[in-house]
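Trainee: Take this structure first; my questions come after.
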Amino acid sequence: MCGIAGIIDIKTVPRSEDIGAMIAKVAYRGPDGVGQICLDSDGVALGHRRLSILDLSPAGSQPMVSGSGRLWVVFNGEIYNYLEIRRDLEVLGCTFRSGSDTEVLLYAYEQWGPACLERFMGMYAFAIWDREKRELFAARDRLGIKPLYYRETAHGLHFASEIKSILAVQTDPRGVDASLIDAYMNFGYVPGEQTLHKGIKRLLPGHTLTWRDNKTKISSYWDLRFGEQGLGEIDDCADRINGLLKDSIALHLRSDVPLGVFLSGGLDSSAVVALLSPGASSGLKTFSVAYDFGPDYDETPYAREVAATFSTDHHEIRITPQQFLDFVPSYIWHMDEPVTEAAAISLYYVSKLAREHVVVCLSGEGSDELFGGYDFYTYNLAIEKARRIFGAGFFRKLTGLAAKVRRFAKLRKYLELAGRPLEERYRGISSYEPGKKSGLYSRGFAGCAAEGNAGCSAFIEGIFTRSQNWDALSRMLYFDMKTWLVDDLLIKADRMSMANSIELRVPFLDHRLVEYAATVSSRYKIRGTDTKFIFKKSMEGKLPQRIVQRRKMGFPTPLEIMFRGELYDYAHDTLLSSQAAGRGYFDTEAVKRLLLEHRSSRAANHREIWQLLVLEEWHRRFGY
């Protein structure tokens, strides 16, 4: 796990101090080493911060050059099956100077070109400069576990693991892409390739970037398909899932440094501990986090039960509202973009605890998006069933009747949703109520918000177009993998772990398991209101039954309580400041009502308050 950066300039030789400034911004991503190279005749500079995981010797340092001197690589991530690929390359005559996966990646590209990506099992973002072709080739892993950003300039390209590295060398005026504010207000993050930093883009998961002759080409090399689903025997499906996850975990254990597991006590992280090779869990270090606000915000009893069952060396940390507040500015800085993922702050503190003991941690991220783990899916499936029985027109008529009775306001919202097809209704796990959002906009900004961003809209429409012939659950899972998983959960996982120089690994997102899960019938994933049915079945007998069947919590954060108590003054003073009002996005009186309604318990507006705070703090932290 590392931080990478690069500059291409066809007019001016990149300066060493510029590439140095880029990688200095992300020193925490790689405290074990720093490297950079300026290829003056090429107009290229590459930089790298190293967190040593495999081959801790200087031989694994980057930027790394091929034996011929033709190719230079900077690489962030892990190729878990690098030993198997290395053996294939040795048969073809390749010789190696190190034991690192970086060198395997470099020679795999030299041997097979972009087709090497088909062989990789792992998480990665890398860039290779070909001196002979004067071409840059960059790629991001299939699911988007590792980030990569880029900015096209008049005379070349800047790229990096984090946006702040690109900003460090941006000389023309920086700005906010205000057309994306409404997307942020819809989702709690901005989905797709665009970011709120005007002109800076993400390389999408499963995509490559090729730069040559000052032209950038983006191509897709992998996508997920749910269309071909077979019912099969349920026991066979459960066994196959179990086998694939076991194999993935075995690969994810490859490391030359100490390793642990983030253990919430939920099904997914507990499964990771349970499926370690026999005996491997004994003495394994596990880590949990909680708030002292009662059982609704504390999963540690479950984590302790799993830890005791498998004899792990378990550690816990508890967070106070003051610690939450103290970290907010740093949270904004590390995330680069406004993302309303309050659980990220819990992850930061548990990563900080883990770094006292280990360098690598495994987590259960991704399972819910594979097997249908959210109650939100069951609600939408119920709506789909009702639409099939009664028709959309029936719900539109009921909506009109409910609108005439004030006490039916909440019912009206659900009836209105039922009157709309899935592609208009579903916007993912973290979506916000349209009425609350639009009621917050100022008159001056409402028009811009309504117009939105064409690129972001096309991205969302494209997801539903590609999935139009799939069943409803598959469409929702695919949507969330392309949006919520990558632009919220995985970005949180990368930033908060890397802020503590921890490598976070996610065995559920082994692409073989992901692809198989897509072929499992939706009827096996959700049965009635029982979410993640097939995965629960696969873990029967391997975990205590109350862990298998317990209600999902997932790093719960007491925002509702804190914004009525310790954090109310902070929220009030920040959101009603002249600085916030001067941005012109939101109506001050509407924001004031939002705060007062929440404090008086007339409404639960904590999600919206947090969303507005993150956006405002982001503007301040990045000087907008």
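Trainee: Can you give the percent of C-alpha pairs in the chain whose distance is more than 37 Å?
Mentor: It works out to 35 percent of all Cα pairs.
Trainee: Quick one: which of 497-504, 322-329 comes out on top by average Cβ neighbours within 10 Å, and what's the full order, highest first?
Mentor: With the highest mean Cβ count within 10 Å placed first, the list reads 497-504, 322-329.
Trainee: Please compute the per residue accessible area over the chain with all protein chains in place, 1.4 Å probe, rounded to a whole number of Å².
Mentor: Heavy-atom SASA per residue in the chain reads 39 Å².
Trainee: Could you name the lysines in cross-link range of K25, using Cα to Cα under 16 Å and dropping any fewer than eight places away on the same chain?
Mentor: Within the straight-line limit of under 16 Å, K25 reaches these lysines: K164.
Trainee: Report for the chain the percent antiparallel among DSSP-assigned beta bridges with both residues inside it, nearest 5.
Mentor: 75
Trainee: Sequence gap at least 6, Cα distance under 8 Å: using those rules, report the relative contact order of the chain to the nearest whole percent.
Mentor: Here the relative contact order equals 16 percent.
Trainee: When N is the residue count of segment 579-623, what does its C-alpha Rg come to as a fraction of 2.2 N^0.38 Å?
Mentor: Working it through for segment 579-623, the quotient is 1.21.
Trainee: Pairs K352/K492; K201/K352; K198/K492; K492/K532; K436/K536; K482/K532: which exceed 25 Å Cα-Cα?
Mentor: Going by Cα-Cα distance, K201/K352; K436/K536 fall outside the 25 Å limit.
Trainee: Out of segment 169-240, which GluC sites (Glu not before Pro) are coil in DSSP terms and have no more than 15 other C-beta atoms within 10 Å?
Mentor: Of the GluC sites (Glu not before Pro), the ones in loops of segment 169-240 whose Cβ has at most 15 other Cβ atoms within 10 Å are E228, E233.
Trainee: Okay, moving on. Check the straight Cα-Cα distances from K133 and name the lysines below 23 Å, setting aside those fewer than 8 residues away within the same chain.
Mentor: The qualifying lysines are K11, K215, K217.
Trainee: Let me ask something else about it. Using the Cα centre of segment 486-624 as the reference point, and only Cβ charges (+1 on K/R, -1 on D/E), how large is the resulting charge dipole? Debye, rounded to the nearest 20.
Mentor: Result for segment 486-624 is approximately 900 debye, rounded to the nearest 20.
Trainee: Find how many whole Å separate the alpha carbon centroid of segment 335-375 from the alpha carbon centroid of segment 550-624.
Mentor: A separation of 22 Å, based on Cα centres.
Trainee: So what's the back-of-envelope 222 nm ellipticity for the chain, counting only DSSP H runs of four-plus at -39500 (n - 2.57) apiece and dividing by all residues, rounded to 500?
Mentor: The helix contribution divided over the chain gives -12000 deg cm²/dmol.
Trainee: Which of rounded, prolate or oblate describes segment 1-104 when judged by the alpha-carbon gyration tensor and an a/c cut-off of 1.5?
Mentor: In terms of gyration-tensor shape, oblate.
Trainee: Which whole number of Å³ per residue matches the convex hull of the alpha-carbon atoms in segment 188-276?
Mentor: For segment 188-276, the hull spanned by Cα atoms encloses 228 Å³ per residue.
Trainee: For segment 456-597, report the convex hull volume of the alpha-carbon atoms normalised per residue, in Å³, without decimals.
Mentor: 219
Trainee: When only DSSP loop residues count, what trypsin sites (Lys or Arg not before Pro) in segment 52-116 have their Cβ near at most 15 other Cβ atoms within 10 Å?
Mentor: When the trypsin sites (Lys or Arg not before Pro) of segment 52-116 are filtered for loop state and at most 15 Cβ neighbours within 10 Å, R70, R97 remain.
Trainee: When a/c reaches 1.5 or more, the comparison of a/b and b/c decides; with that in mind, is segment 443-529 rounded, prolate or oblate per its Cα gyration tensor?
Mentor: Oblate is the answer for segment 443-529, as a/c is 1.5 or above yet b/c matches or exceeds a/b.
Trainee: Can I ask one more? Starting at 0 and stepping by 5 Å, how many percent of the alpha carbon pairs of segment 493-542 end up in each bin?
Mentor: Per 5 Å bin, starting at 0, the Cα pair percentages come out as 5, 17, 16, 19, 15, 12, 11, 6, 1.
Trainee: Which percent of the accessible heavy-atom area of the chain goes to carbon and sulfur, probe 1.4 angstrom?
Mentor: Roughly 49 percent of what the probe reaches on the chain is carbon or sulfur.
The values are calculated or read from the model by the stated rules, or taken from the named source; none is laboratory data. Model, not experiment: these values are computed from the prediction. Neighbour counts are summed over all protein chains in view; Cβ atoms, including those assigned to glycine, are modelled from backbone coordinates with ideal geometry. Remember, those area values only see protein heavy atoms, side chains included, never the ligands or the DNA or RNA. Shrake-Rupley method; radii C 1.70, N 1.55, O 1.52, S 1.80 Å.
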